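Asker: Provided herewith is a single structure, encoded as C-alpha cells, for subsequent inquiry.
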Amino acid sequence: MTRALLSVSDKTGLVPFAEKLVALGYELVSTGGTHRVLAAAGLDVIAIDDVTDFPEMLDGRVKTLHPRVHAGLLARRDLPEHMAKLAEFDITPIDMVVVNLYPFKSTIQKDGVTEAEAIENIDIGGPSMLRSAAKNFAGVLPIVDPADYDVVVDKLQSGSVDADYRKSLAAKVFQHTAAYDALIADYLTVSEFPNNLTLPYEKFDDMRYGENPHQKAAAYKTALPEDYSVLNANILHGKQLSYNNIRDADAALRIIAEFEETTVVTVKHMNPAGIGQGSTIETAWDKAFAADDVSIFGGIVALNREVDAATAEKMHAIFLEIIIAPSFTPEAFDILSAKKNLRLLTVPFTTTVPQKLEVSSVLGGVVVQERDLYTESKANFEVVSKVQPTEAQLRAMIFAQKVVKHVKSNAIIVARDGQTLGMGAGQPNRIDSVVYAIQKAAVKSGFDEAVLASDAFFPMDDSVQYAAENGIRAVVEPGGSIKDKDSIAKADELGIALVFSGTRHFKH
C-alpha cells in the first residue's frame, strides 16, 4: 500500500482530496489538527505518533522531526541498500507529502502582533518534510499547494505522473520554502544591507510581453503588499495591464504622492509630461494638459481627487491608456468606461510612501538603494545670489524640486507655482536639457513667473547664462560644483536669483 503524509495549515479542499487518495489505495498518515479533521470526516488515518512511536511534544514543535519520517521520505527506491535499511528498521516508505506551512505571513500582518507570536509561526517540521520529499521527487510526490490537488488526482488516475511533473512539483516546493524563509529573514533582519539579500516576491501576472513584443515578461509583487501600488490597485475597467503600463503607472503614483494639493499628473515613458494644480480637479487637469498637450497622447493620468463628470468629459476627448484616481463619480465612470480599452484604476492616495529598498538589475547582479523620499522645504534653501527670490518663485521652486526628482537625469524642469511648463530629460549633458526645457516652456503663457530646477549641480555657468538670457528669473539647483562660484557670478551679472537646495536627485 502506498502511503501519504498530510499535515496542512490551510485545510482548503483537504477532505475531498484525502478521500480520493484513499480511493486510489493510499494509506493516510497525519498530524495534530489535520488528523482531527480527517478523522472527523470518517477517514481511516494513522496518527504520526504511531509512526514515530514517540509523542508530539513541546506544544507541537516536535512531531515529524524523526528518522521514521525522514528515512521514509529520503530512501531512494532504486537503491536496494536503502530499501533494505528501511526493512531492517521496519520503516514504511512515504510516497506522497501534502504539507503547507504555518501562516507566518498572515501572522505578521496582524495589527499588534508580537515577535513571540511571529516566531511561534515559523514552521520547522513542514519545510523539512517538504524539502526531503522534493529532494527525493523521483520516488515521492511533494505537494505544497491546494490548487494542485485536482491535477494530482487526475494524473494519478490516468497514470500520467511522469518525471517532468514530479520535477515541477519539487521545484514548486523549493520556490515556496525559499520564499517562506526569505520572508522570515526579512522580518528578523536588523541590518539594512545584509550579506545575503533575500527578497520574497509573489507572481502578480504573466505579461503578454515586456517592453517590446519579442521580450517575455511577468510581474511580481512583494510578499507583504503595499497598498499604495499599481499592483494592488482596483481595476474597474479595461484590459490587462501591460509591462509598460505598470512601469508608467508606478511612475505616476510616485510623482503624485509628492502633493497634498489637488493635483493631476500626466506621464509618458515614466517621465512627467505635465503636472497641474488647482482649486478643483478640473482646473488641475486643464493645467496638466496645457503643460504638454502633445506628449499626453497615449499616456497615463493620475489624479489625487475623485474624478467628476466635467473632468471625465475632457479626458474622454483624447486617447489615454490609464486613468488612476481614488474614485470616480458614477457619471464620470459611465463617460470613461465607454472606451473599451481605457483602463480605470482606483488607488487610495497617500503622501507618505514608506521607505523600502529599491532593486535594479545589472549584468551579474543587482544594486539596492533606499527610495528617494527627501522632502524639499524653504528651510533647506540657501540663496547664493544678490537677487532674492520672491515668495512666488520660492513656491515654484519647491513645486519644481518635487517634480525634478522623478525626471530621468540629466533633468531640468521649468515651472511656475502649481504647473510644469517645460522638461528636459535624459540628455547626456546638462545644457542640452536646459535648452530643451526652456524651448518647451517658451510657448506657454506666464513665462515671467517661471523658475528653473535642476536635479544636480551645474558643472559650469552656461546653464545659468542660457536660462537668464531666455527669460528665467530664478534658478534652483543643488550646488556642490567646484565651479559654483562661476554660476553665482553669472547669476549676479545677469540679475537673476540663484538658490542652492543642497540635495541632488539623480534618477537613472
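Coordinate-derived values only; no laboratory data. Keep in mind that what you see is a predicted model, and the values were worked out from it rather than measured. Note: ideal-geometry Cβ built from the backbone for every residue, glycine included; neighbour counts use all protein chains shown.
Asker: Based on the Cα atoms of segment 141-216, what semi-axes does the equivalent ellipsoid have, where each is the square root of 5 times one gyration tensor eigenvalue, given in whole Å with the largest first?
Answerer: Calculated on Cα positions only, the semi-axes equal 31, 21, 10 Å.
Asker: Around Gln427, which amide H atoms from residues at least 5 apart in sequence, or from another chain, sit under 5 Å from its own amide H, with H modelled in the peptide plane?
Answerer: Those lying under 5 Å, H to H, from Gln427 are Asn410.
Asker: Also: Greater than 32 Å separation of Cα atoms is the criterion. Which listed pairs, Lys239/Lys378; Lys167/Lys340; Lys287/Lys340, meet it?
Answerer: Lys239/Lys378; Lys167/Lys340
Asker: So how do Arg473, Arg395 line up by other beta-carbon neighbours within 10 Å, fewest first?
Answerer: Arg395, Arg473
Asker: Suppose the Debye formula is applied to equal point scatterers at every Cα of segment 375-500; what is log10 I(q)/I(0) at q = 0.10, 0.12, 0.23 Å⁻¹?
Answerer: The computed values of log10 I(q)/I(0) come out as -0.23, -0.34, -1.49.
Asker: Go through segment 3-17 residue by residue and turn each phi into a ³J(HN,Hα) via Karplus (6.51, -1.76, 1.60, θ = phi - 60°); whole Hz please, and just put x for glycine and proline.
Answerer: Once rounded to whole Hz, the list reads 10, 10, 9, 10, 8, 10, 7, 8, 9, 4, x, 5, 5, x, 5.
Asker: Which distance in Å, rounded to a whole number, links the C-alpha centroids of segment 343-357 and segment 133-177?
Answerer: 38 Å
Asker: Measure nothing but the geometry: give the 0 to 90° angle between the long axis through the Cα atoms of 484-494 and the longest principal axis through the Cα atoms of the chain, rounded to 10°.
Answerer: For helix 484-494, the angle is close to 40 degrees.
Asker: Taking the highest mean first, how do the peptides 195-202, 404-411, 180-187 order by number of other beta carbon atoms within 10 angstrom per residue?
Answerer: 404-411, 180-187, 195-202
Asker: Give me the angle, in degrees from 0 to 90, between the Cα long axis of helix 430-441 and the longest principal axis of the Cα atoms of the chain, rounded to the nearest 10.
Answerer: The angle comes out near 70 degrees.
Asker: Moving on to the next point. Ordered by residue, what ³J(HN,Hα) values in Hz, to whole numbers, does segment 113-126 give under the Karplus form 6.51 cos²θ - 1.76 cosθ + 1.60, where θ = phi - 60° and Gly and Pro are x?
Answerer: With coefficients 6.51, -1.76 and 1.60, one gets 5, 8, 4, 4, 5, 4, 5, 5, 9, 8, 7, 10, x, x Hz.
Asker: Got the relative contact order for segment 202-346 handy, in percent, Cα pairs under 8 Å and 6 or more residues apart?
Answerer: Computed over segment 202-346, the figure is 20 percent.
Asker: Listing Glu19, Glu211 from the residue with the fewest other Cβ atoms within 10 Å to the one with the most, what is the order?
Answerer: Glu211, Glu19
Asker: Count neighbours as other Cβ atoms within 10 Å of each site's Cβ, and list the trypsin sites (Lys or Arg not before Pro) in segment 1-75 that are DSSP loop with at most 13 such neighbours.
Answerer: Arg61
Asker: I've got another one for you. For segment 156-208, which trypsin sites (Lys or Arg not before Pro) are both in a DSSP coil and crowded by at most 13 other Cβ atoms within 10 Å?
Answerer: Arg208
Asker: Which number do you get for Rg(Cα) / (2.2 N^0.38 Å) in the chain?
Answerer: That ratio works out to 1.29.
Asker: Please give the FRET efficiency for Tyr165 paired with Val22, using the beta carbon to beta carbon distance and R0 = 22 Å, rounded to the nearest 0.05.
Answerer: Efficiency computed from Cβ-Cβ geometry: 0.50.
Asker: Another question, then. Between Arg3 and residues 5 or more places away or on another chain, which pairs have amide H atoms under 5 Å apart, with H built 1.01 Å from N, and which residues are they?
Answerer: Glu27, Asp95, Met96
Asker: At q = 0.08, 0.20 Å⁻¹, work out log10 I(q)/I(0) for segment 1-145 with the Debye formula, treating every Cα as an identical point scatterer and leaving solvent out; two decimals please.
Answerer: Debye curve over Cα of segment 1-145, log10 I(q)/I(0) at q = 0.08, 0.20 Å⁻¹: -0.23, -1.26.
Asker: Still on this structure, please answer the following. Angle, helix 391-404 long axis vs. longest principal axis of the chain, Cα atoms, 0 to 90°, nearest 10?
Answerer: Tilt relative to the chain: about 40 degrees.
Asker: Listing Met315, Met397 from the residue with the fewest other Cβ atoms within 10 Å to the one with the most, what is the order?
Answerer: Ordered by Cβ neighbours within 10 Å, fewest first: Met315, Met397.
Asker: Can you show me the helix-derived [θ] at 222 nm for the chain, built from DSSP H runs with n ≥ 4 at -39,500 (n - 2.57) apiece and divided by the number of residues, rounded to the nearest 500.
Answerer: Theoretical 222 nm ellipticity from helices: -10500 deg cm²/dmol.
Asker: Then there's this: For Ser360 and Val387, FRET efficiency with R0 = 41 Å and r from the beta-carbon atoms, rounded to 0.05?
Answerer: Efficiency, from the Cβ-Cβ distance: 0.55.
Asker: Same structure again: Taking amide hydrogens as modeled 1.01 Å from N in the peptide plane, which residues meet the under 5 Å criterion relative to Asp455, leaving out close sequence neighbours?
Answerer: Ala411
Asker: For segment 1-76, what's the relative contact order in percent, using C-alpha pairs closer than 8 Å and at least 6 residues apart?
Answerer: 24 percent
Asker: What is the extension gain from Leu188 to Lys110, computed as 0.36 nm multiplied by their sequence separation minus the C-alpha to C-alpha distance, in nm to one decimal?
Answerer: 26.5 nm
Asker: Sticking with this structure for a sec: Roughly how many Å is it from the Cα centre of segment 373-451 to that of segment 457-487, as a whole number?
Answerer: So the two Cα centres are separated by 12 Å.
Asker: Could you work out the relative contact order of segment 365-483? I mean the mean sequence separation of Cα pairs under 8 Å and 6+ apart, divided by the number of residues, in percent.
Answerer: After rounding, I find 21 percent.
Asker: With each pseudo-label sitting 7 Å past Cα toward Cβ, what's the Glu81-Asp150 distance in nm, one decimal?
Answerer: Roughly 4.6 nm, to one decimal.
Asker: Round to the nearest 0.05 the FRET efficiency obtained for Thr283 and Ile119 when R0 = 60 Å and r is the Cβ-Cβ distance.
Answerer: 0.65
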